[in-house]
Amino acid sequence: MDVNKMDELYYYDGKDLGCTYTKEYTTFRVWAPTAEKVALCIYEKGNGDCLLETVSMEPDVKGTWYKKVEKDLQGLYYTYKVSVEGETKETMDIYAKAAGVNGERAMILDFKTTNPVDWEKDKPVSLEKNTDAIIYELHVRDLSSDESSGIKNRCTFLGLAETGTKSSDGLTTGIDHIKELGVTHVHLLPLHDFGSVDETKPEDNKFNWGYDPVNYSVLEGSYSTDPYHGEVRVREFKEAVTAFHKAGIGVIMDVVYNHTYRTKDSYFEMTVPGYYYRMKAGKFQDASHCGNETASDHLMMRKFMVDSLCHWAKEYHLDGFRFDLMAIHDVDTMNVIAKELYKINPNIILYGEGWAADTVALPEEKTAKKTNAKKIPKVAMFSDNIRDGVKGHVFYEEQPGFVNGKPGMEEEIKFAVVGAIDHPEAAKGKEPGWAIHPTQSVNYISAHDDLTLWDKFAISNPKDSVETRKDMNRLAAAIIYTAQGIPFMQAGEEMLRTKPSLEPDREYNNDSYNSPDSINSIKWRQKKEFFTEYQYYKGLIAFRKAHGALRMADGELVREHLHFLDVPKNVVAYTISKPDETENLEKLCIIYNSNQEEVEVNIPEGDWNVYINKTQAGTKILDKMQGGTIKVPGISALVLG
């Protein structure tokens, strides 16, 4: 049947898809309009030969099948047998919210039994505006997998929650380190149940980033202390969320609704063949480069995404979501998602990759890509402009950017500084601003993908000394934390994180998605080794938090108060006048010098205090100087107030 016809005839807007548990009975409802029959299989456990009963489901409204089982099924597991065109396949419930080992059977679970003490008092983090956020991107295993972390429950949700941990050098690690740094939100790489790690073989210590989803609303079992009992991962992740919230840190979940790990034998395809994916001439489209692309523009896929995200937000008190390859999704779906999630949490942070891996099987103007950002005002996007402008193009590893020696990059940096909005003094001759307000620009120079920032400098500037590359790193960080928008960093960047390669012809790893912990883990001994760099990042964050002028949320305010100065080549300088009465300085003057040599810059007259220089950053006054002509050291930032 034609997909549009299916949407017209069978769109189901009810809230009871999946299983709905009570002690007296449990209801099951699955949307399968092309099925000839559907059976419910109930199991004692999440794996093994333990079938308790198989019962037929009844066809019901709008292509759904329904069954009410009048007894207490708490802790049991189930699947569906769906028959389409004479062929019967046993499949997971795509609406499953808990599961057994490897996500093969859905779990019937009373979620209230998984709540930690005082869970009802736990609340998401509250910010006045999204530009107040400072986001720290982290993989669950990376925080604790190295012995130097001092964390007992290594590689698990519980490891995220451990406090009081220290390295062998006596320095804070784990969640205490993140709090100490000043971060407001952790962005956790995919937590949903993914397919590349066998949960029955924890001794294999298999690593994966998790961008291979199997069950979208189920937590990954390999991060729990017991993957066989589905309630354990739920309880332990809630404990991690509680720990972060007690530390004043929000939790953002990386979600991957754009493709599935499997295609023809995915649970989507076994339930309603040909519906949940974009197809052309009977073939799966593949803008994800993973074998398929999901069809958010199909109404029941859109509903699935909304229902799944609302479950995560409500059940786990999450503070935000990051969307992988978001341009595969359509604009309308992202706006519906934003509308529903903002109802649950008015302070929620939503952002994603404004691109796809290949051509999307949708008209370009309908895709949630960066150039369509203004059509999705409540969703932010990663700024690859600032990423590539600051350090050099991500796909050309030897190519430098502004901080590491490429001349003529001033306009790219100006565009980044204003938060990717239209500004009469920025991006002259370059692309127009794609963001309406700085709240839509997520500013970053490193993430899990591609080289770490420190490794990028090693490849692009191999002849420069380690000290010179440290200067580049500090200047890059200063740009991120003084630009308008939402700053985002890869965990460990503040300790010059590196990922060596295991391949004989490469020194550094640019795609560590399945590399071992020895490559991906945060090496906490580097905190002592690069303590000066750590303190610089900490100081940058403290200064940003102290000055609302760096966190303007309105494009008009930026255009009114931020103005660039005339400066020498390979230098960007600007002033920000006091945007409102909460700002305790009348004016900021910020200068980035990417030349290796000292330069002279003319700044407005007056008495200026120095808060950030080549080697130090923070809220304390480091020096004083008079306006007029000043000297700015090579490869450095200078921030005056």
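The values are calculated or read from the model by the stated rules, or taken from the named source; none is laboratory data. Since the structure is predicted, the reported quantities are computational estimates derived from the model, not experimental observations. With ideal geometry, Cβ positions are generated from the backbone for all residues, glycine too; neighbour counts draw on all protein chains shown.
Below are the figures for this structure:
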item	result
Enumeration of residues in the stretch 506-540 that are more than 21 Å from Gly150 (Cβ to Cβ), under 23 Å from the mean Cα position of the chain (by Cα), outside any helix (DSSP H, G or I) and not charged (D, E, K, R)	Asn509, Asn510, Ser512, Tyr513, Asn514, Ser515
Condition check for Glu533: over 23 Å from Val610 (Cα atoms) and acidic (Asp, Glu)	no
Cβ pairs under 7 Å, 6+ apart, first in the stretch 258-273 and farther than 13 Å from Thr34 by Cα, second among the β-branched types (Val, Ile, Thr) and assigned to a loop (DSSP other than H, G, I, E, B)	Ser266/Thr260; Tyr267/Ile94
Leading residue by the ranking (farthest from Lys369 (Cα to Cα)) among those in the stretch 307-328 that are of a type in the set (Asp, Glu) and not in a loop (DSSP other than H, G, I, E, B)	Glu315
Residue among Leu550, Leu565 that is more than 16 Å from Asn473 (Cβ to Cβ) and surrounded by fewer than 18 Cβ atoms within 10 Å (Cβ to Cβ)	Leu565
Inter-residue pairs, beta-carbon under 8 Å, first farther than 16 Å from Pro604 by Cα and at pLDDT 95 or above and in the stretch 557-568, second in a helix (DSSP H, G or I) and not small (Gly, Ala, Ser), 6+ apart	Val558/Pro438
In the stretch 592-622, the residues that are assigned to a strand (DSSP E or B) and either on the phi > 0 side of the Ramachandran plot or of a type in the set (Val, Ile, Thr) (or both)	Val599, Val601, Ile603, Gly606, Val610, Ile612
Tabulated pairs, the stretch 57-70, first surrounded by 13 or more Cβ atoms within 10 Å (Cβ to Cβ) and among the charged types (D, E, K, R), second modelled with pLDDT of 95 or more and part of a helix (DSSP H, G or I), C-beta under 7 angstrom, 6+ apart or interchain	Lys62/Tyr10
Pairs with Cβ under 6 Å, 6+ apart, first in the stretch 421-433 and part of a strand (DSSP E or B), second modelled with pLDDT of 70 or more	Ile421/Gly433; Ile421/Ala435; Ile421/Gly555
Single residue of the stretch 15-27 satisfying the filter (free of Cβ contacts under 8 Å to residues at least 60 places away in the same chain and surrounded by 13 or more Cβ atoms within 10 Å (Cβ to Cβ)) that is farthest from Asp110 (Cα to Cα)	Asp16
Residue within the stretch 582-591 that is assigned to a loop (DSSP other than H, G, I, E, B) and closer than 18 Å to Ala478 by Cβ present	yes
Residues (closer than 20 Å to Glu8 by Cα, surrounded by 19 or more Cβ atoms within 10 Å (Cβ to Cβ) and of a type in the set (A, V, I, L, M, F, W, C)) located in the stretch 277-299	Ala295, Leu299
Single residue of Glu36, Glu85, Glu104, Glu90 found to be in contact (Cβ under 8 Å) with a residue 40 or more places away in the chain, under 35 Å from the mean Cα position of the chain (by Cα) and surrounded by fewer than 15 Cβ atoms within 10 Å (Cβ to Cβ)	Glu90
